[in-house]
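A quick write-up on the structure given underneath.
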Amino acid sequence: MPDINLIKIENKFNNNFWYFLNPKNWHKKNYTKDNVNILFVDDLDMPVVDNLKKNGYRVKKVKDIKNIDDADVKNSQIIFVDFDGVGKFVSPLHQGAGLVRELKVRYEKSKYIVLYTAEPSMPTDTTMNELFNIADDRMRKDDDVTDFVDQIREGLKKLK
């Protein structure tokens with residue numbers, strides 16, 4: 001009887017061993033509400049930040065990002081970027097949209113990035129449309145907290 005248990009343990013070990021040898025599994029992390037870091041980049045106050053904190057999310061807000069290798073950026077998996085008034089250090093002409101582009105180029109799929117605006121709609125300039133499409137998603141700044149939570153949930157799915 002002990003031999004059978006020993007074989008079962010060996011098989012379990014071998015399965016885990018091969019799982020970790022597969023390079024596809026090396027960088028996978030199962031993100032949840034409890035361990036995902038969310039960053040808001042906005043030069044104005046955002047009431048949604050306080051609401052998310054009260055609901056147990058790990059949220060930080062900064063007025064702008066001077067460098068895309070900033071510790072706040074590196075430590076965040078989901079980043080909400082305002083369209084206007086931020087990104088001046090990284091992309092003075094395109095501001096928030098340019099910042100999103102630089103973040104996506106640098107971090108690719110390791111970060112879920114949402115561009116948002118208080119404007120009724122995003123500008124229709126062709127160059128700007130290309131920048132907007134780089135973001136994982138877009139939304140309105142005055143959307144309900146539940147809409148931001150939906151974006152976070154979508155980000156959690158995509159980061160897995």
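I'd like the residue in region 115-160 that is surrounded by 15 or more Cβ atoms within 10 Å (Cβ to Cβ), aliphatic (A, V, I, L, M) and within 16 Å of GLY87 (Cβ to Cβ) and, out of all such residues, is modelled with the lowest pLDDT.
Taking the candidates together, the pick is MET122.
Please work out which residue is surrounded by the most Cβ atoms within 10 Å (Cβ to Cβ), limiting yourself to region 83-112 and to residues that are in contact with a Ser or Thr (Cβ under 8 Å, 6 or more places away or on another chain) and among the charged types (D, E, K, R).
Per the criteria, the residue is ARG101.
What number of residues in region 86-101 are without any contact (Cβ under 8 Å) to a residue 24 or more places away in the chain and out of contact with any helix residue (DSSP H, G or I) (no Cβ under 9 Å at 6 or more places or on another chain)?
Selection size over region 86-101: 2.
Specify which of the listed residues (ASN55, ASN75) is under 16 Å from GLN151 (Cα atoms) and either modelled with pLDDT of 80 or more or in contact with a helix residue (DSSP H, G or I) (Cβ under 8 Å, 6 or more places away or on another chain) (or both).
Just one listed residue meets the conditions, ASN55.
Please verify whether region 104-114 includes one or more residues that are modelled with pLDDT of 90 or more, over 11 Å from the mean Cα position of the chain (by Cα) and closer than 19 Å to VAL59 by Cβ.
no
The values are calculated or read from the model by the stated rules, or taken from the named source; none is laboratory data. Just so we're clear, the structure is a prediction, and the values are computed from it rather than from any experiment. As a convention, Cβ positions derive from the backbone with ideal geometry for all residues, glycine included, and neighbour counts pool all protein chains shown.
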